[in-house]
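To start, the structure under review is shown below, and the notes come after it.
Read the figures in this text as sums done on the coordinates, not as results from a lab. Everything quoted here is computed from the prediction, not taken from an experiment. Cβ placement follows ideal geometry from the backbone for every residue including glycine, while neighbour counts extend to all protein chains displayed.
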Amino acid sequence: QVQLVESGGGLVQAGGSLRLSCAASGRTFSGYAMGWFRQVPGKEREFVATINWTNGKTYYADSVKGRFTISRDNAKNTVYLQINSLKPEDTAVYYCAARLITNSVWASWGQGTQVTVSS
């Protein structure tokens, strides 16, 4: 199982930007898809974005298209979520997840990082 640690969350004003990081210390993401999800109290976990580590293909939820960018740094074994034009409704705990390319199950999860957007 891949160990994932999120960081970069915080309190930001609406319209601001934030970059979240997800690191797998001492591990490689080769053969994996990496994803970002978010969750607010009382709601189900929501898909945000995913990236195929090998080929870099990305996919985004409609709610974040044009504002969020997922990327990875091969040398650092880190996946990022750049969030621009933050809105109060982006407030959530953001989780990093990983799955094998050959699997459909998100098997590894980080503990989350809180993003709070003030109006």
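Quick notes on this structure:
- As a ratio to 2.2 N^0.38 Å, the alpha-carbon radius of gyration for the chain is 0.99.
- Within the chain, DSSP assigns beta bridges of which about 90% are antiparallel (rounded to the nearest 5).
- Fully extended contour minus Cα-Cα distance, from GLU89 to ARG67, at 0.36 nm per residue: 6.6 nm
- For LYS65, the aspartates and glutamates whose Cα falls under 18 Å of its own Cα, not counting residues fewer than eight places away in the same chain, are GLU46, GLU89, ASP90.
- GluC sites (Glu not before Pro) lying in DSSP loop within region 43-119, provided at most 13 other Cβ fall within 10 Å: GLU44
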